[in-house]
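Here's the structure, in C-alpha cells; my notes come after.
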Amino acid sequence: MMKEYLESIQSVIASLNTSAMGLSQAEAQERLERNGRNKLAEAKKTSLAKRFVKQLADPMILVLLAAAVISAVTSILSDESMADVLIILFVVILNAVLGVVQESKAEAAIDALKKMTAATSKVYRDGKLQALHSEELCVGDVIVLEAGDSVPADARLIEAASMKVEESALTGESVPAQKDTDVLKSEGDVPLGDRHNMVYMGTTVVYGRGLAVICRTGMDTEMGKIADALAKAEDENTPLQKQLAGLSRVLTWLVLGICVFIFLVGVVRAGSFSAAVLLDTFILAVSLAVAAIPEGLAAVVTIVLSIGVTKMSKHNAVIRRLTAVETLGCAQIICSDKTGTLTQNKMTVVEDWTEDRALLIRSMALCSDAEADESGEVIGEPTEAALVSYGLKNGFPKYELKRGLPRVGEAPFDSMRKMMSTVHKTQDGFVQYTKGAPDEVLAHCTKVLTKQGVVELTDALKAQIMETNKAFADRALRVLASAFRDYDRQPDSFTPEELEAGMTFIGLTGMIDPIRPEVKAAVERCHEAGIAVVMITGDHIDTAVAIAKELGILTDSSQAVLGAALDRLSDEELEQSINSYRVYARVQPEHKVRIVNAWRKRGKVTAMTGDGVNDAPSIKAADIGIGMGITGTDVTKNVADMILADDNFATIVSAVEEGRKIYANIRKSIQFLLSSNLSEVIGIFTATMLGFTLLKPTHILWINLITDSLPALALGMEEGETDAMRKNPRDSKDGIFSGGVGVDTVYQGILVAVLTLVAYFVGHFMESGRWEITNSPDGMTMAFLTLSMAEIFHSFNLRSQRGSVFTLKKQNLYLWGSEILALLLTTAVIYVPFLKTAFDFEAISLAEYFVALGIALCVIPIVELVKWFQRRRKTR
C-alpha cells in the first residue's frame, strides 16, 4: 500500500488516477459502485431476547432449570404442590432480568464513530466546487477544508495555508497539529501524529485552510481500522465468571452423582423395582439434589454486584458491565492515556521569563486569534487560548485590551517562518507584537528589554535567552517568545518581510497540558496497593517522560520507549520486555492493543483508561476498559466497562478499593451458601443411610431461598476491611476456595449438619421419651428450626474469615435485620396453621422451640474456638 506522506503531490495524484481539480461525476459514481460508500460498517445489534437467553445459559441456572423440571415431574406423579417449581422458576427469571437490566445495552461503538465523521463536505466535481454528503466521496476526490470543518476521509494535502488540525482523538496530542504539503523524509514508517502532510477522517480543522486529495475512504481509513479492531475484539469472561462457571460444573456433577447414588442405594435397600418404590426413591434423590444446589447463589451474586454498582455510581464510577466490578479488585496494571486522563487536556501557561511581565502578557494575548468574552469563556486554538487565559488570570482580559489597542493589520502565522505578527493602534502611534518559536523570533530582533531598559541584543544576551529556552524545553514545556516594534504611523505594508525586522525581544512563556492535581496521590495509592501504572500516549517522549516523572510513574528515562521501537519487536519480544517500560510515547492505536495484550499474556489483569477514539480498541481488549465521561468520545464510552463521570483518575483507585471489598463480600456470601448447602446434603445423606427422613425437598427449598438468601445478601453489604488498599492484588487464578476458604466451608458444613441431626434426635426424645432411629414429626420440625437458625447464626461467623466476631468494631445492621426476619419467617412456617399444614410440620412446644434455638446457637462458640486455634497456628 502506498505511503502517500512519503510521496510528492504529483505522484499521489497520478497514483490515484485523478487531477488537482478532482474527478468527473461519472468517474466518481463508477468508483462509488466499485468500492462502496464512504461510511463505516454497521455494527450488529444484540436483541433483547438473545441477551435474556444468554443470562439463562449459565451452568448454575441450567442446573436450577433441570431441578425445576424434575420437581415438576415428581410433583405431578406424587400429586403434591408445585410450589417448589414455581419458586425455582421465579428465582431464575429474577436473576436473568437483573442481569439484562444491569448489563450494557447493545454496543453502539460503530454508530458513534459514524456520528464523528463529517455530514457534508466541499468537493470538486466536474471542475466545480460542490457540497455533497460525505458518504458520496470516493478515492481521488479533491476536497476543500476550512476552520471548523470535520475531515471526511483520509487525504493527502495539496495546499495548506496556516492550517492546524485537532487530532487528539486519534493521536492523543493536546496541541493541534500544524499542517503543510512538504514530502516527509523517512526510510521507515512515520507515526500518525508526525504525518504533517496528511489529514484523517474524524479530525477537525481548527485554523487556516487547505486542499486535499482523498486517498482512503470508509473502512480503509485510520478510523475504519479502529472500527474493525473494535469489531474483532472479543469479550472475555471475568475472573469471577470463570470461577463461578467452574463451581457450577463441580456442583452439576456432584448433584448428578448424589442423585444416582441415592437412587441406586434406595432401590437396592427396598429390594423391589415396583413403581411406588421407584417414585419414592426418585423423590428422595431429588430432595438431595435440591439440597446440593445453592438456588439463591446466582441471584445473590447478581444483587451484591448490583448494590456495588449503585454505590460506585454515587462516587462517579459508572459501571456498564456488572461483572467488571470484581475485576477491578484484582487489577494489577492500569494503562492510562496521558491527555485528558492524567492531564487536564487544557494548555496552560505555567512559566514566563521577562523584565516586564505586564508587557509580555499583553503582547501574547493581543497577538493571537483566540477570544475571551466577559463571562470568562475563552474560545480558540488551544495554544492561543492558553495565552488569552493567562492574560485573563493576571488581570488583562483581551476584550479590554482590544478596546485600548485595536488591531489594524497582521501577518498571519505560517509554518515556514513559525511566527505571527499583529499591528495595533495606540494613543501615540502604532505598536507591533510578534510571537513565535524562540529561535525564529530572536533571529529577527536587534534589541532586548532588560532591567536597564531597551539595550542592544548581544551574543551573551542571546545565549542567556536560549539557555532559558532550553531549561523550559527540558521540562517538556511548549515555549513561545514575544517581541515588539513601535511605529509613528501605520506601516505601509503588513507583509512579514516588512514587519518582522529590527524588533525588541520581550520574553518567553512556557506552557504545558498540566497534570490533574489529584492524580499524583492516586498513583501513589496504586503503588501501595501493588498496582503498576503505565502511561501510553501519542505525545512526544520528552513531554511524556517529564509528566511521568512528576507523577511518579517512572524513575528513569530508560523506562520510556517510542511506538516506532515497538514495530521492531515481535509480540513475543514485547511480552518479554514489557515490564521494563512504564511510558510509551508516539504510539498508534495498534500499539496500545499490543501493549495491553502483552501484559495480559504475562498473566496480569489489565485496565486501560482513555478518552479518545484511538483508545477504544485497547479499552475493549483490556480486562477492564475505563472511559472518560466528560471529555471521552461516544466511541470510548460505548466500549468501556466503566465510565468515570468526573474524568478523575483518582476515581479509579476508589473503584479498585470498592471492587476488592465487593469480591471479598461475594466470597463470604458464597462460603455461607455452600457451607449451608453442604450441611443439608450431609444431614439428608446421613439420615437416608440410617433409614429416616430428616427434611423434605420443600423444607430445603424454603431454607435455601428464603432464610439463607437474606443473610447472604447482608454479607454482601459488609463495609470491608480497612487495609484493602495496602495489600497486593489477588491472583486472578486464585479460586473462590483459596486461602483456606475451602477447608472452612467443609468443616463448617459438617458442624451444622451434626447440630441438625442432634436437634432431630433430641426433638424425637422430647416428644416420645425414646432415643431411636425412626421418622419423627417433632424431630423433623426441630431439625428444620435448628438448621435454619444455625445457618443464620453462622452468617455472623463469616463477617471475618479469621477474626473474632466479637472484636469487629462496626455492626452490620443488614445482617441483624436478616436474622430477625429469618427467625420470624421460620417461626411462622412452624406455627401459622395453613403454612404448618403446607410444610407438614408439627406445632412443637415452647421448650422444644428454645432447645432447637440453643443447639443452633452453638455454631458461634464452636467456630470462634476453631478461629482461635487457626490464629495461634498462624502466629507460630
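Structure summary
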read-out: Residue match in the range 517-540 (condition: under 30 Å from ALA443 (Cα atoms) and modelled with pLDDT under 90); value: yes
read-out: Selected residue (only one of ASP337, ASP414 is charged (D, E, K, R), under 30 Å from ARG594 (Cα atoms) and touching a residue at least 60 places away in the same chain (Cβ under 8 Å)); value: ASP337
read-out: Failed item, numbered, when LEU824 is tested on (1) closer than 22 Å to LEU701 by Cβ; (2) modelled with pLDDT of 95 or more; value: (2)
read-out: Failed item in (1) assigned to a loop (DSSP other than H, G, I, E, B); (2) open to solvent by 10 Å² or more (accessible area, probe 1.4 Å), with ASN638 passing the rest; value: (1)
read-out: Residue pairs meeting the criteria (Cβ under 6 Å; at least 6 apart or on separate chains; first of a type in the set (S, T, N, Q), in the range 14-41; second surrounded by fewer than 17 Cβ atoms within 10 Å (Cβ to Cβ) and part of a loop (DSSP other than H, G, I, E, B)); value: SER15/MET2; SER24/ASP126; GLN25/ASP126
read-out: Identity of the residue in the range 259-277, open to solvent by less than 90 Å² (accessible area, probe 1.4 Å), farther than 14 Å from PHE685 by Cβ and part of a helix (DSSP H, G or I), that ends up modelled with the highest pLDDT; value: VAL267
read-out: Close pairs (6 angstrom Cβ cut-off, 6 or more residues apart or separate chains): over 16 Å from VAL408 (Cβ atoms) and at pLDDT 95 or above in the range 492-507, in a helix (DSSP H, G or I) and not small (Gly, Ala, Ser) anywhere; value: ILE506/LEU359; ILE506/LEU360; GLY507/LEU360
read-out: Breaking point among (1) over 26 Å from SER19 (Cβ atoms); (2) modelled with pLDDT of 90 or more; (3) of a type in the set (Gly, Ala, Ser), for ALA153; value: (1)
read-out: Enumeration of residues in the range 706-730 that are more than 15 Å from VAL656 (Cβ to Cβ), among the aliphatic types (A, V, I, L, M) and open to solvent by less than 20 Å² (accessible area, probe 1.4 Å); value: ALA712, ALA714, LEU715
read-out: Residues satisfying the stated conditions in the range 462-491, i.e. among the charged types (D, E, K, R), under 44 Å from the mean Cα position of the chain (by Cα) and at pLDDT 95 or above; value: GLU467
read-out: Single unsatisfied condition, SER363 versus (1) over 29 Å from ALA548 (Cα atoms); (2) open to solvent by 10 Å² or more (accessible area, probe 1.4 Å); (3) polar (S, T, N, Q); (4) assigned to a helix (DSSP H, G or I); value: (2)
read-out: Subset of the range 295-340 (residues that are in a helix (DSSP H, G or I), of a type in the set (A, V, I, L, M) and under 30 Å from ILE536 (Cα atoms)); value: VAL309, MET312, ALA324, VAL325, LEU328
read-out: Test for LEU288: is it open to solvent by less than 20 Å² (accessible area, probe 1.4 Å), at pLDDT below 75 and more than 30 Å from GLY329 (Cα to Cα); value: yes
read-out: Neighbours by Cβ (under 7 Å, 6+ apart or cross-chain): first from the range 364-377, farther than 14 Å from PHE413 by Cα; second open to solvent by less than 70 Å² (accessible area, probe 1.4 Å) and basic (Lys, Arg); value: ALA365/LYS398; GLU371/LYS398; ALA372/LYS398
read-out: Where a residue in the range 735-754 is modelled with pLDDT under 95 and of a type in the set (D, E, K, R) and its partner, wherever it lies, is open to solvent by 60 Å² or more (accessible area, probe 1.4 Å) and in a loop (DSSP other than H, G, I, E, B), with Cβ under 8 Å and at least six apart; value: ASP744/GLN801
read-out: Hits in the range 758-781 (condition: under 14 Å from LEU695 (Cα atoms), modelled with pLDDT of 90 or more, open to solvent by 40 Å² or more (accessible area, probe 1.4 Å) and in contact with a Gly (Cβ under 9 Å, 6 or more places away or on another chain)); value: PHE761
read-out: Tally, over the range 341-360, of residues that are at pLDDT 90 or above and not in a loop (DSSP other than H, G, I, E, B); value: 11
read-out: In the range 806-815, residue most open to solvent (accessible area, probe 1.4 Å) [restricted to those that are in contact (Cβ under 8 Å) with a residue 24 or more places away in the chain and part of a helix (DSSP H, G or I)]; value: TYR814
read-out: Checklist (1) under 25 Å from THR722 (Cβ atoms); (2) of a type in the set (Ser, Thr, Tyr); (3) in contact with a helix residue (DSSP H, G or I) (Cβ under 7 Å, 6 or more places away or on another chain) applied to SER738, failing item; value: (3)
read-out: So PHE796, is it assigned to a helix (DSSP H, G or I), open to solvent by 10 Å² or more (accessible area, probe 1.4 Å), of a type in the set (A, V, I, L, M, F, W, C) and under 14 Å from VAL859 (Cβ atoms); value: yes
read-out: Checking LEU392 against (1) over 28 Å from MET535 (Cα atoms); (2) crowded, with 22+ Cβ neighbours inside 10 Å, the condition it does not meet; value: (2)
read-out: Residues being of a type in the set (Asp, Glu) and open to solvent by less than 60 Å² (accessible area, probe 1.4 Å) - total across the range 427-483; value: 1
read-out: Any hit, the range 123-130, residues being open to solvent by less than 10 Å² (accessible area, probe 1.4 Å), of a type in the set (Val, Ile, Thr) and either at negative phi or in a loop (DSSP other than H, G, I, E, B) (or both); value: yes
read-out: Residue check for GLY202: in a loop (DSSP other than H, G, I, E, B), open to solvent by less than 30 Å² (accessible area, probe 1.4 Å), at pLDDT 90 or above and not hydrophobic (A, V, I, L, M, F, W, C); value: no
read-out: Scan of the range 660-693 for residues that are under 17 Å from the mean Cα position of the chain (by Cα) and aliphatic (A, V, I, L, M), ordered by number; value: ILE662
read-out: Residue check for GLU657: closer than 15 Å to ALA331 by Cβ, among the charged types (D, E, K, R) and more than 12 Å from the chain's Cα centre (by Cα); value: yes
read-out: Residues being among the basic types (Lys, Arg) and surrounded by 12 or more Cβ atoms within 10 Å (Cβ to Cβ) - total across the range 858-872; value: 2
read-out: Count - residues of the range 139-179 that are in contact (Cβ under 8 Å) with a residue 40 or more places away in the chain, out of contact with any Leu (no Cβ under 7 Å at 6 or more places or on another chain) and either of a type in the set (Gly, Ala, Ser) or surrounded by fewer than 17 Cβ atoms within 10 Å (Cβ to Cβ) (or both); value: 12
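So that you can scan it fast, the table gives a plain yes or no per residue for (1) surrounded by 15 or more Cβ atoms within 10 Å (Cβ to Cβ); (2) at pLDDT below 75; (3) of a type in the set (Val, Ile, Thr):
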{"position": "PRO191", "(1), (2), (3)": "yes, no, no"}
{"position": "ASP194", "(1), (2), (3)": "yes, no, no"}
{"position": "LEU211", "(1), (2), (3)": "yes, no, no"}
{"position": "ILE226", "(1), (2), (3)": "yes, no, yes"}
{"position": "GLY257", "(1), (2), (3)": "no, no, no"}
{"position": "LEU279", "(1), (2), (3)": "no, yes, no"}
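The values are calculated or read from the model by the stated rules, or taken from the named source; none is laboratory data. A quick note: this is a predicted structure, and the numbers were derived from the prediction, not measured. Note that each Cβ is placed from the backbone with ideal geometry, even for glycine, and that neighbours are counted across all protein chains shown. Calculation scope for accessible area: heavy atoms of the full protein, side chains included, ligands and nucleic acids excluded. Shrake-Rupley method; radii C 1.70, N 1.55, O 1.52, S 1.80 Å.
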